[in-house]
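Here is the structure we will look at, set down as structure tokens.
Every read-out reported here was derived from the displayed coordinates using simple, explicitly stated rules and does not represent laboratory data. Being a predicted model, the structure only gives us computed values, none of them experimental. Ideal geometry is used to build each Cβ from the backbone, glycine not excepted, and the neighbour counts take in all protein chains shown.
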Amino acid sequence: MAKRDVYEDLKNLQAEMTQMLAKFTEVQDEVTQTLEENAELKIENQHLREALHENGEPTGDSHEPQLSKSRQNLEKLYEQGFHVCNFEYGKRRENNEPCAFCLDVIYGER
């Protein structure tokens, strides 16, 4: 390999690393924005529950049985758009359409 080829390879590698760093920064910013939005929504949700409680409205927290830790994990996956049923487990739900089988796995009585 000639010295010129090594220099060109080094320049190309530097350009690729610069592009990768820019993409990483972009994705990192999106994750940060999503986490901030999630925190804001959690606070807003808590405030709404408190307001409902003050008005005597049932919030659903006291009447619904608590899910086990494993079912809570499945519920999170389902809310993120993934199937948790035996038929399609791990596949993304198209357009976040509900799946009766997944809902039965999460909320069904066993």
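Tabulated data
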{"quantity": "Sum of -39500 (n - 2.57) over DSSP H runs of 4+, divided by residues of the chain (222 nm, nearest 500)", "calculated": "-22500 deg cm²/dmol"}
{"quantity": "Net charge, Lys42 excluded, C-beta distance under 14 Å - Lys, Arg +1, Asp, Glu -1", "calculated": "-4"}
{"quantity": "Coordinate range along principal axes, alpha carbons of segment 1-62, Å, largest first", "calculated": "80, 15, 7"}
{"quantity": "Alpha-carbon spread of the chain, three principal axes, descending order, Å", "calculated": "78, 38, 25"}
{"quantity": "Qualifying lysines (Cα of each under 24 Å from Cα of Lys11; at least 8 residues distant if same chain)", "calculated": "Lys3, Lys23"}
